[in-house]
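Below is one structure, written out as structure tokens; comments come after it.
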Amino acid sequence: MNLLPSTGPFRPDQKEYLQGFLAGVSQRDGYGVFAGHTAHGEVTSDASQAGPNLAEPREEAVHGTPVSDLCKEELWKHQEDSLEIWGRMLEHAADDRFPDPEQTFRFRYHGLFYVAPAQNSFMLRCRIPGGALDSYQLRGLADMADTWGGGYADITTRANFQIREIAPRDITNVLIRLQELGLTSRGSGVDNVRNVTCSPTAGVDRAELLDTLPCAKGIHHYILNNRDLYGLPRKFNIAFDGGGAISTVAETNDLGFVAVRVGEGKAVEPGIYFRIELCGITGHRQFASDSGLLIEPDEAIAVAAAMLRVFAEHGDRTNRKRARLKYLVDKWGVEKFIGETQKKLAFPLIRLPREECEPRPAVIPHGHIGIYPQKQEGLNYVGVCITVGRMTVEQVRRIADLADRCGSGRIRLTVWQNLVITDVSDAKLDEVKAELVAMGFHWTTTSISGGLVACTGNTGCKWAAANTKAQSVELACYLESRLELDRPINIHFTGCPNSCAQHYMGDIGLQGVTVTKDGEKVEGYNIVMGGGFGEQQAVAKDMYKAVAYADIPPLIERVLRVYLEKREVAEDFASFTRRHEQTALLEMFSS
Ligand code: SRM
Ligand code: SF4
């Protein structure tokens, strides 16, 4: 009998011989005989050397998750690199064809969102680090929206720009033109680091501790040039806050860098540092929390890259509902996450309790709207209210012209869906004001529209239960014609639980739901109140469920009238709603 190992499986006669042999040995010793494999794949009888059986090819894995366990989207990512689909996009353009579900997912790597059934067309989402644009880019975007889109554009809640109603035949035209403008849309959708935000007045804010625009641009370009930072387990948000007069709500991001000053006599040299906040995800009712880490500003890109790689390697690749950074850190604890990050860094991470840093200078409520002097003598920035971020191409062009004529040609988009024109000389302020009024815009901080944020809603997004943009504008007009507020208020309209407009951090937050009224299904909202950010940070509390939209304007009017009547001196809306229990508020609002 030939018992030499062959390349195929054992023959029946070989198996029988081995079984008999092993049974004999086992009887002789009185217990089973171990046979396993060493780490090099040899068969061994020594249990202490046990390793995997390499005789069979090991199942492929994605960062340790076997391919058979991957969720659908992870499998697509594993099968083909979505950054390599230029040919396919050209094909779709040539055929004027919409993509199937798999290609719809892949196209989002390039910022192309096929948004049917809400609209039978593509939406282009750009990537504009820090929301910083030059006038020629703004004009170029307006031309794109005119030529290939619906003649309008939106500023998003990540200080970004979206153009809608693009036909399949034009998808490569828009991508090419965008690059010609020095912009990109790469990685603006699905499982990538989204548009990196920073303080919209970075570099001009008198109160800021640090100009964070170079940080936002730095990580943006690092990602663009390191392919392993695409295809994360899920989306990832990064923000840099310079610690100045305007918040960029870093605490709503997966990773927030917040500038702080450390004074004399502490464990580190006095100076300006970043504190790192982790795992903001307000749709899941969680703000980012301080990690205890204190880093030098020039370490920020390296630390962000290391944290992204830890997330890429260990985030959940099987269940997309649990694939955000929050769930990895919930599972591990912050210490383990920091420990794994440290392993990837060539310099030590340092901790310092938050109390050892100086308190943040006061944030101006609604400081993103209004006219303020810059740190550069004689110059000002003008925060313009672009109600819910929507502009016609004509308005976009006029803003670009205004920035050229009266400023330095630079503008900044904000996470409040508004924009800031910088470098306006004192002498030009009146001209800017007059032109803004002529365009239908304003800069009044206490207006309802100045604090209005609304996601895309059901005219563009299939998840939406309501027409958020139109209804929010209607509500603002209704309230502004009946009430006068002397303190800013934020109202956030979000079309579904995904919370793209962060309703849980609004003074008043509305989340779209379908409501049955008089036997008919109509658009409506769940309403939360008392949310806030920064010093006022709080997740808003549930107040009303399933209110038909038609009933909302009079309801919110009543709420605001009660607030104005019963508040303490100079009390803001958030403090007022927090001072009372939900039942007490409901009672006051019902009378
Ligand atoms: Fe969002 C998905 C629009 C900011 C949480 N978001 C979507 C999609 C792509 C719907 C879809 O999957 O088809 C929406 C496209 C609508 C359209 O056609 O315009 C959409 N999200 C938006 C924008 C445009 C809202 C706006 O009007 O400003 C914002 C684009 C930002 C950007 O420029 O990149 C936008 N989305 C946000 C934010 C706020 C933020 O990122 O700072 C959030 C909450 C924060 C967070 O960390 O999640 C947000 N969007 C979501 C989620 C829920 C993710 C989750 O893990 O809970 C989804 C659904 C998903 O990813 O599967 C989603
Ligand atoms: Fe769409 Fe919902 Fe996001 Fe609004 S919150 S844009 S409805 S996914």
Taking interchain pairs and intrachain pairs at least six residues apart, which have beta carbon atoms under 7 angstrom, with the first residue in the range 376-391 and over 27 Å from R164 (Cα atoms) and more than 16 Å from ligand 2 (Cβ to nearest atom) and the second part of a loop (DSSP other than H, G, I, E, B) and open to solvent by less than 40 Å² (accessible area, probe 1.4 Å)? Q376/V204; N380/Q374; Y381/T201; Y381/V204; Y381/Q374
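Go over the candidates Y381, Y372 one by one and state the one that is of a type in the set (F, W, Y) and open to solvent by 20 Å² or more (accessible area, probe 1.4 Å). Can you show your working first?
Values: Y381 fails: open to solvent by 20 Å² or more (accessible area, probe 1.4 Å).
Answer to the check: Y372.
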Which residue, of V528, V539, is touching a helix residue (DSSP H, G or I) at 6+ places or on another chain (Cβ under 8 Å), open to solvent by less than 10 Å² (accessible area, probe 1.4 Å) and of a type in the set (A, V, I, L, M, F, W, C)? V528
Starting from the range 151-167, take each residue that is acidic (D, E) and list its partners that are more than 7 Å from ligand 1 (Cβ to nearest atom) and not in a strand (DSSP E or B), counting only C-beta distances under 6 angstrom and pairs at least six apart or across chains. E165/S121; E165/G149; E165/G150
Residue count, the range 450-481 (criterion: within 12 Å of ligand 2 (Cβ to nearest atom), of a type in the set (A, V, I, L, M) and open to solvent by less than 10 Å² (accessible area, probe 1.4 Å)): 3
Residue among G506, G524, G534 that alone is more than 20 Å from H580 (Cβ to Cβ) and within 16 Å of ligand 1 (Cβ to nearest atom): G534
Whether any residue in the range 350-361 is in contact with a Ser or Thr (Cβ under 8 Å, 6 or more places away or on another chain), over 30 Å from D430 (Cβ atoms) and not in a helix (DSSP H, G or I) is what I want to check. no
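Within the range 342-361, track down each residue that is of a type outside the set (D, E, K, R), touching a Gly at 6+ places or on another chain (Cβ under 9 Å) and either surrounded by 15 or more Cβ atoms within 10 Å (Cβ to Cβ) or closer than 27 Å to W416 by Cα (or both).
As a first pass, look at the range 342-361 and keep what is of a type outside the set (D, E, K, R): 342, 345-350, 352-353, 357, 359, 361.
Narrowing the set further to residues that are touching a Gly at 6+ places or on another chain (Cβ under 9 Å) leaves 352-353, 357, 361.
Hits for the range 342-361 are L352, C357, P361.
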Among (1) more than 14 Å from ligand 1 (Cβ to nearest atom); (2) hydrophobic (A, V, I, L, M, F, W, C); (3) outside any helix (DSSP H, G or I); (4) in contact (Cβ under 8 Å) with a residue 60 or more places away in the chain - the single one V515 does not satisfy: (4)
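Scanning for something within 16 Å of ligand 2 (Cβ to nearest atom), open to solvent by 10 Å² or more (accessible area, probe 1.4 Å) and in contact (Cβ under 8 Å) with a residue 60 or more places away in the chain, does the range 258-269 turn up at least one residue?
The initial filter retains those residues of the range 258-269 that are within 16 Å of ligand 2 (Cβ to nearest atom), namely none.
Within the range 258-269, not a single residue is within 16 Å of ligand 2 (Cβ to nearest atom), open to solvent by 10 Å² or more (accessible area, probe 1.4 Å) and in contact (Cβ under 8 Å) with a residue 60 or more places away in the chain.
I'd like to check which helices (runs of 4 or more DSSP H) are fully inside the range 42-157 and have at least 1 residues that are among the hydroxyl-bearing types (S, T, Y) and open to solvent by 60 Å² or more (accessible area, probe 1.4 Å). Spell out how you get there, then give the answer.
On the way: elements: 72-79, 86-95, 101-107, 135-147.
Qualifying helices (runs of 4 or more DSSP H): 135-147.
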Those residues of the range 180-206 which are closer than 20 Å to E102 by Cα and hydroxyl-bearing (S, T, Y) amount to S185, S188
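Looking only at the range 204-230, filter to residues that are in a loop (DSSP other than H, G, I, E, B) and surrounded by fewer than 22 Cβ atoms within 10 Å (Cβ to Cβ); which one of those is nearest to ligand 2 (Cβ to nearest atom)? Spell out how you get there, then give the answer.
Filtering the range 204-230 down to residues in a loop (DSSP other than H, G, I, E, B) leaves 204-212, 225-226, 230.
Those still in the list that are surrounded by fewer than 22 Cβ atoms within 10 Å (Cβ to Cβ) too: 206-207, 211, 225-226, 230.
Working: R206: 35, A207: 32, D211: 31, N225: 30, N226: 28, Y230: 22 Å.
That would be Y230.
The values are calculated or read from the model by the stated rules, or taken from the named source; none is laboratory data. Keep in mind the model is a prediction, meaning the values are calculated, not measured. A quick note on method: Cβ atoms are made from the backbone with ideal geometry, for glycine too, and the neighbour counts reach across all protein chains shown. Quick note on the areas: whole protein, heavy atoms, side chains included, nothing else; ligands and nucleic acids left out. Shrake-Rupley method; radii C 1.70, N 1.55, O 1.52, S 1.80 Å.
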